[in-house]
Amino acid sequence: MSSGAPPLGVIASLYRHRGLVAMLVVRDLKARYRGTFFGYLWSLFNPLLLLAVYAAVFTWVIPARATSDVPYPIFLFAGLLPWLFGSGALLDSAIVLADNGPLLKKVVCPPEVFPAVTVLSHLVHHVLALPVLLAATAVAAGMGLMRFPWTVVLAPFALVLWVVAVSGLALAVAALAVHFRDLKDLLHNLLNLVFFATPIIYTLDRIPVRLLRRLIQANPVTPLIEVYRDVVLLGVLPSLLMWAWAAAVALVCWLAGVWVFSRLRETIAETV
């Protein structure tokens, strides 16, 4: 793929090397749990323990409620799941090319493969954590604390938007990090800022200052979080405008990420 290749060039390259991508995803998952007693079960235990901590803290220690419709611990958990997927994939993308430098230099291996592997590995963990959220939702619904969100059947569409957005940004982050070594630390701090500027631990209607509420609504991550949580937890069918807004954000992230990556692609192997 030349430096000026169109966005479809990245997709075509990843499709041609799909076997390599799958192999590296499996390698990454095995390496992550190598030597542990529970192995892949940690993909279920980690979100389950996280939910248990939130439930204990926000039920008995600091009672909190974001809406009158769902228990706050589940509300928070549903917002954190996509955020942890996206932020984790981006932070790992900042080091993935450096970590795989020998493969880039000695083997004919396109650099776009490695950010894709990072995103897919985090996606696997996210998908494995979803049953924990659904089980908690079903239990809460059975206790009469909320209604089970049958809109959850639309969850794959909401998740696809996250994958598209994160994949594009991961390409840009991976390429930029090769040339700017401080990027991971800068990104870590930026993500902390964006986290609190996104309605993850609160709802938009709880923001008393109108101007601040407008600014948070303008945050590009907001529609991705809102659409995801609406269909997965709240049982709300997002409007076509909200879907379009979230899709536009995902598309812009993808196109911008591919543009940055394509401009730096040819210098990655010699710089890493």
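Data table
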quantity	calculated
Contacts under 7 angstrom Cβ, first residue in segment 161-177 being modelled with pLDDT under 95, partner surrounded by fewer than 22 Cβ atoms within 10 Å (Cβ to Cβ), 6 or more apart	none
Whichever residue in segment 199-250 is assigned to a helix (DSSP H, G or I) and in contact with a Gly (Cβ under 9 Å, 6 or more places away or on another chain) and, among such residues, is farthest from I74 (Cα to Cα)	A250
Among (1) at pLDDT 95 or above; (2) buried (at least 24 other Cβ atoms within 10 Å of the Cβ) - the single one S87 does not satisfy	(2)
Subset tally (residues that are aliphatic (A, V, I, L, M), touching a residue at least 12 places away in the same chain (Cβ under 8 Å) and surrounded by fewer than 21 Cβ atoms within 10 Å (Cβ to Cβ)) for segment 178-192	3
Every residue from segment 193-208 that is free of Cβ contacts under 8 Å to residues at least 40 places away in the same chain and either among the hydroxyl-bearing types (S, T, Y) or in contact with a helix residue (DSSP H, G or I) (Cβ under 9 Å, 6 or more places away or on another chain) (or both)	V194, A197, L204, D205, I207
Any chance A136 is buried (at least 18 other Cβ atoms within 10 Å of the Cβ), part of a helix (DSSP H, G or I) and either more than 11 Å from the chain's Cα centre (by Cα) or among the aliphatic types (A, V, I, L, M) (or both)	yes
Near pairs, Cβ below 9 angstrom, 6+ apart or cross-chain, from segment 228-242 (surrounded by 22 or more Cβ atoms within 10 Å (Cβ to Cβ) and modelled with pLDDT under 95) to any residue that is charged (D, E, K, R) and part of a helix (DSSP H, G or I)	none
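Conditions tested, residue by residue: (1) surrounded by fewer than 15 Cβ atoms within 10 Å (Cβ to Cβ); (2) closer than 18 Å to G88 by Cα; (3) modelled with pLDDT under 95.
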site: C109; (1), (2), (3): no, no, yes
site: A116; (1), (2), (3): no, yes, no
site: V119; (1), (2), (3): no, yes, no
site: L123; (1), (2), (3): no, yes, no
site: A129; (1), (2), (3): no, yes, yes
site: M143; (1), (2), (3): yes, no, yes
site: M146; (1), (2), (3): no, no, yes
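Residues are listed down the side, and each one gets a yes or a no for (1) among the hydroxyl-bearing types (S, T, Y); (2) in contact (Cβ under 8 Å) with a residue 24 or more places away in the chain; (3) more than 17 Å from L169 (Cα to Cα):
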{"site": "P82", "(1), (2), (3)": "no, yes, no"}
{"site": "P102", "(1), (2), (3)": "no, no, yes"}
{"site": "P111", "(1), (2), (3)": "no, yes, no"}
{"site": "V119", "(1), (2), (3)": "no, yes, no"}
{"site": "L130", "(1), (2), (3)": "no, yes, yes"}
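The values are calculated or read from the model by the stated rules, or taken from the named source; none is laboratory data. This structure is a prediction, so every number in the text was calculated from the model and none was measured. No Cβ is skipped: glycine too gets one built from the backbone with ideal geometry, and neighbour counts run over all protein chains shown.
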